[in-house]
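Below is one structure; the comments refer to it alone.
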Amino acid sequence: MKNSVSTWIWMLPAIVILGSSCQSPAAPARTFEELTIAEIHEAFREGTLTSEALTAYYLDRIAALDQSTGINAIVVVNPSAMEDARQRDEAFKRSGELLPLHGIPVIVKDNYLTKGLQTTAGSIALKGFEPAENATQVQQLLDAGAIVLAKSNMAEWAFSPMHTESSIAGTTRNPYNIEHVPAGSSGGTAAAVAANFGAVGLGTDTGNSIRGPSSHNALVGFRSTLGLTSRHGIAPLYLRNDVGGPMCRTVEDAARILQVIAGVDPLDTLTRYAEGNIPDNYLDFLQKDGLQGARIGVMRQLSDKNPDSEVSALFEQALQDMIAQGAVLVDPFVVPRLDTLRQDQWCADFGQDIASFLQTFVKRPGVSSIEDILAIGGTSPFVTGRLERFVGRSGRWEQGDIPCGDPYTDVLRIAYREAIEQAMDALELDALVYPSWNHPPAKVSAFEEGYKGDNSQLIAPHTGQPAFTVPMGFTTGNLPAGIQFLGRSFSEPVLIKLAYAYEQATRHRRPPVLP
């Protein structure tokens, strides 16, 4: 990875990107840290940065800091990343045009199929497996000009919302405080993007796993409406709940990723519901005054459930910040029968879903079922216990007579969503808000005891509604917290507008300080 370009960048990380306006002594230099997609493309156009130089910088940063700091976010780097970057630069030189994600290095969670690059979902059962095709979302990013920089660690088989540990790569730690977890299961992507190991990232969210790690790492995480984006080529946890999507340092970058991945995919029939529900350009909704006149319901049913005092204080300040930006709060907003509606929403689909994935994509002798995975083994008793729970199980955990389905056919899911959206309609609300977690990140050494206050599991995974998390501030120990915006199905434009306005007004995001 080392060459004259990357060595020069590594030595001068704070001053290498200088625009033409920087000829004036008063104009500040831009740094590699926290660069957005728009800033990167501006530098490409100015001729002050190349994709090759940026990719080399990120690869050198991973090599220098991922292991030495104890973060351990990256499983494998793409050996073709530098060549891919050169090709993007050459294409730009020839055409003078930039694709939507042209030359942008992306961190991809290790459960997305990436052609020719090891994909394991954290399990040694898939060690060395190099897919013959890309997941739809990965291909969409590549078609938009992006570069797969590296694959990130994850909670094995995406089982844990609490922590990120896999048999393939061990434990990932929170870059803001390595004694604490980055949450799971997309903790590797979250830690890597937060630590500026790549420009943007892809994660997956079955119950929490985009929004939880994003909240724990001062990132923006989008769980979009189920059916808006394709799940094809993503190793499933519960396919009926799974969503893949962006984990970024800004709302704008997340919107740029969503713009590329939203759409109908014939390889994922659920995406037929996206037809007619996608605007021409999600970027049109990046409005700094987006909170002006917005009606927002405050979900005290979640925020006041055994909260940590510091997180609670941050949430109350966030509400005041929204009022200051012109929002009208309905406080409290109450969903009748909430606790009853959310009961028995989970189904034991992992066995059949993962068997289908293994038989369709992996096609390895002796690796086609949960029983095979158990026989191969792993390093985590936690994962072994979860696998054993699924052996011979299917359907709902409790009311087995009620069929499990997607959010458009499952009677319990439909009832839950309708109750929320009808309550929102009655009060003419644009969105609901609550803390993404009511408690700070747990200690790595006691992640099960410290797993408290995860609100992401409670609504969106079951109703299929979109939910976005945005940085809300920090608690003692330099531990991030996030606020979550939840909207009606396919209301991503509304959520982008609200989340962007809140982000721009508060600007809580800051990078971790690494050695």
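The values are calculated or read from the model by the stated rules, or taken from the named source; none is laboratory data. Computed from a prediction, not measured in an experiment: that's the story for all the values here. Heads up, the Cβs are rebuilt from the backbone with ideal geometry, glycines too, and the neighbour counts pull from every protein chain shown.
Data table
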{"item": "Every pair of residues 6+ apart whose Cβ atoms lie under 8 Å, when the first sits in region 120-136 and is at positive phi while the second is surrounded by fewer than 19 Cβ atoms within 10 Å (Cβ to Cβ)", "result": "128/118"}
{"item": "Selection count, region 353-370, where residues are crowded, with 16+ Cβ neighbours inside 10 Å and either at pLDDT below 95 or closer than 16 Å to residue 113 by Cβ (or both)", "result": "7"}
{"item": "Residue 451 vs. criteria crowded, with 24+ Cβ neighbours inside 10 Å and either farther than 29 Å from residue 349 by Cβ or of a type outside the set (D, E, K, R) (or both)", "result": "no"}
{"item": "Selection count where residues are in contact (Cβ under 8 Å) with a residue 60 or more places away in the chain and surrounded by fewer than 21 Cβ atoms within 10 Å (Cβ to Cβ), scope region 319-332", "result": "5"}
{"item": "Which numbered condition residue 456 misses (of (1) within 23 Å of residue 193 (Cβ to Cβ); (2) out of contact with any helix residue (DSSP H, G or I) (no Cβ under 7 Å at 6 or more places or on another chain); (3) buried (at least 18 other Cβ atoms within 10 Å of the Cβ); (4) among the small types (Gly, Ala, Ser))", "result": "(2)"}
{"item": "Helices (runs of 4 or more DSSP H) within region 1-75 that include 1 or more residues at pLDDT 50 or above, out of contact with any Gly (no Cβ under 8 Å at 6 or more places or on another chain) and crowded, with 21+ Cβ neighbours inside 10 Å", "result": "37-46, 51-65"}
{"item": "Per-region count, region 343-386, residues touching a strand residue (DSSP E or B) at 6+ places or on another chain (Cβ under 8 Å), within 26 Å of residue 405 (Cα to Cα) and outside any helix (DSSP H, G or I)", "result": "4"}
{"item": "Among residues of region 97-136, those that are among the acidic types (Asp, Glu), over 15 Å from residue 148 (Cβ atoms) and crowded, with 21+ Cβ neighbours inside 10 Å, counted", "result": "0"}
{"item": "Enumeration of residues in region 140-164 that are among the small types (Gly, Ala, Ser), within 30 Å of residue 439 (Cβ to Cβ) and touching a helix residue (DSSP H, G or I) at 6+ places or on another chain (Cβ under 6 Å)", "result": "152"}
{"item": "Residue 231, sole failed condition from (1) farther than 17 Å from residue 469 by Cα; (2) out of contact with any strand residue (DSSP E or B) (no Cβ under 7 Å at 6 or more places or on another chain); (3) among the basic types (Lys, Arg)", "result": "(2)"}
{"item": "Check on residue 422, out of contact with any strand residue (DSSP E or B) (no Cβ under 7 Å at 6 or more places or on another chain) and farther than 30 Å from residue 34 by Cα", "result": "yes"}
